[in-house]
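Peer 1: So that we are looking at the same thing, I have put the structure below in structure tokens.
The values are calculated or read from the model by the stated rules, or taken from the named source; none is laboratory data. Keep in mind it's a predicted model, so treat the numbers as computed, not measured. Here the Cβ positions follow ideal geometry from the backbone for every residue, glycine too, while neighbour counts run over all protein chains shown. The accessibility values were calculated without ligands, DNA or RNA, using every heavy atom of the protein model including side chains. Shrake-Rupley method; radii C 1.70, N 1.55, O 1.52, S 1.80 Å.
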Amino acid sequence: MPLRDMPFVLDRLDWMRAQGIWPNGLRYLWTDAFGVVLLVSLYEETGDRRWIDEAEALVDEVDRVLGRRRGYRIGEAPDRDGQYFHYLAMWMFAMARLGDVMPAYREKGVAIAKAVHKPFVIPGTGVVWKMEEDLGRPYPGYGLGALDAFDGYVSYRLLDETALADEIAEMRGLMDRTWPDLHITQDLGIGMMLWMAGFFPREDWAKAQVPRCLSTLDQMWVDPPGYFCRQPGTRDVKFAFTNYGVTLGLQAQDTWPDRVERTHTLFDAYRSGDHYDRDAITHVMACVSHLPGAMLPHGG
């Protein structure tokens, strides 16, 4: 069963605010997308409208700081230029979840999809991993994203299957080119595939990817002390935020609850001694894994 650890989440949110980390720190689209969904989860759990008010305020701030004529900049920091499709897809998922409460945000998500789909998608080939900030051309030095078609497919379907029917069909075509031979070997990618597959578990790609991902993930389990390494063969390389992505995916599949608990036990008190100790992505991902709620199908 998915976790519902409200005390952890509320304490961590209070700490982040006091430290100026989130939501009152630098904007970063991936973190803010997860954060919007977390606020929706808190609303669903408590019925307190202030969480929706906070979510709306956060969306306004992301629009103000990161919003561009088409799409959203990766982040506020100077080195976070350009646009990632998988970040945009996660933001669209956040609009779908907030749209469950306030339908105007679903319409907003559809508009984003319509604006960014064509610049990123090479028909019959794939989805560009990173684009220039104005979406005028691919960002130099980057290729195609391995999971981006899956990201778009899931977010588009959850937004509006009718309005985005053409875009969904195009993403599905790209998925069908890759999923039979796709073997994900990185921790966060595996976590996100397990999470996405939870929405459409009867589809062929999900049926193939879930056992494949779990098999690879099993090779990455380091016990003791209990964590998932970055990829097979790198037992000493670990990141808190990616492990929280894995534990989110495991909860979406309702599997390995003991490993979810062991991973949380380690990383909830873990200090890496680098910038990740204070980066919002670490702590927002932690909160989402402790209260996955609206991240999961039908609110978990």
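Peer 1: Run through every distinct alpha carbon pair of the stretch 133-236 and return the Kirkwood hydrodynamic radius in angstroms, one decimal place.
Peer 2: 15.3 Å
Peer 1: Take the alpha carbon atoms of the stretch 76-131, find their center, do the same for the stretch 148-198, and report the distance between the two centers in whole angstrom.
Peer 2: Taking the Cα centre of each part, the stretch 76-131 and the stretch 148-198 sit 13 Å apart.
Peer 1: Another question, then. Between the alpha-carbon centers of the stretch 1-56 and the stretch 233-290, tell me the distance in whole angstrom.
Peer 2: Result: 17 Å between the Cα centres.
Peer 1: Then there is this: Considering the dipole of the chain built from charges on the beta carbon (Lys and Arg +1, Asp and Glu -1) around the Cα centre, which of 124, 84, 272 is farthest to its positive end?
Peer 2: Value computed over the given set: 124.
Peer 1: Hey, what's the per residue convex hull volume over the C-alpha atoms of the stretch 161-210, in cubic angstrom?
Peer 2: Values: hull volume 4.1 nm³, N = 50.
It is 82 Å³ per residue.
Peer 1: Starting from the eigenvalues of the Cα gyration tensor, five times each then square-rooted, give me the equivalent ellipsoid semi-axes of the stretch 63-164, largest first, whole Å. Don't skip to the end; give the middle numbers.
Peer 2: Values: eigenvalues 93, 56, 22 Å².
Ellipsoid half-lengths, sorted descending, are 22, 17, 10 Å.
Peer 1: A further question on this structure: Of 156, 87, which has the most accessible area with a 1.4 Å probe, and how do the rest follow in descending order?
Peer 2: In descending accessible area the options line up as 87, 156.
Peer 1: Normalising by the residue count of the stretch 163-280, find the relative contact order in percent from Cα pairs under 8 Å and 6+ residues apart.
Peer 2: Relative contact order comes out at 25 percent.
Peer 1: Related question: In the full protein assembly as shown, how much of residue 11 is accessible to a 1.4 Å probe, in Å² to the nearest 10?
Peer 2: Answer for residue 11: close to 100 Å² accessible.
Peer 1: To the nearest 20 Debye, how big is the dipole of the stretch 42-160 about its Cα centre, given +1 on the beta carbon of each Lys and Arg and -1 on that of each Asp and Glu?
Peer 2: 560 debye
Peer 1: Next question, about the same structure. Less than 30 Å apart at the alpha-carbon level, and either on another chain or at least 8 residues along: which lysines does that give for residue 114?
Peer 2: Partners found: 130, 207.
Peer 1: Mean projection of the alpha-carbon convex hull of the stretch 186-300 over all orientations, in nm²?
Peer 2: 6.7 nm²
Peer 1: Suppose only helical runs count, i.e. DSSP H with n ≥ 4. What mean residue ellipticity at 222 nm does that imply for the chain under -39500 (n - 2.57) per run, divided by all residues and rounded to the nearest 500 deg cm²/dmol? Could the numbers behind the result be given before it?
Peer 2: Numbers: 12 runs with 169 residues, N = 300.
The helix-only estimate for the chain comes to -18000 deg cm²/dmol at 222 nm.
Peer 1: Starting from the Cα gyration tensor of the stretch 27-94, take the square roots of the eigenvalues, sort them a ≥ b ≥ c, and report rounded, prolate or oblate (rounded when a/c is under 1.5, otherwise prolate if a/b is larger than b/c, else oblate).
Peer 2: prolate
Peer 1: Follow-up question, since we're still on this one. From the square roots a ≥ b ≥ c of the eigenvalues of the alpha-carbon gyration tensor of the stretch 200-255, which class results: rounded (a/c under 1.5), prolate (a/b over b/c), or oblate?
Peer 2: Judged from the Cα gyration tensor, the stretch 200-255 comes out prolate (a/c at least 1.5, a/b above b/c).
Peer 1: Direction-averaged shadow area of the convex hull around the Cα atoms of the stretch 1-126, nm²?
Peer 2: Computed as one quarter of the Cα hull surface, the answer is 9.3 nm².
Peer 1: Of the residues 171, 102, 220, which exhibits the maximal mean-square fluctuation in a Gaussian network model of the chain defined by a 10 Å Cα contact cut-off?
Peer 2: Highest fluctuation among the options: 102.
Peer 1: Among 93, 200, 34, which one shows the biggest mean-square fluctuation in a GNM of the chain, springs joining Cα atoms closer than 10 Å?
Peer 2: Looking only at 93, 200, 34, the largest GNM fluctuation is found for 200.
Peer 1: Just by accessible area at a 1.4 angstrom probe, what is the order of 242, 216, 178 from largest to smallest?
Peer 2: Values: 242 0, 216 20, 178 55 Å².
Result of the area sort, largest leading: 178, 216, 242.
Peer 1: Still on this structure, please answer the following. Note the direction-averaged projected area, equal to a quarter of the hull surface, for the Cα convex hull of the chain, in nm².
Peer 2: Numbers: hull surface 58.1 nm².
Approximately 14.5 nm², given one-decimal rounding.
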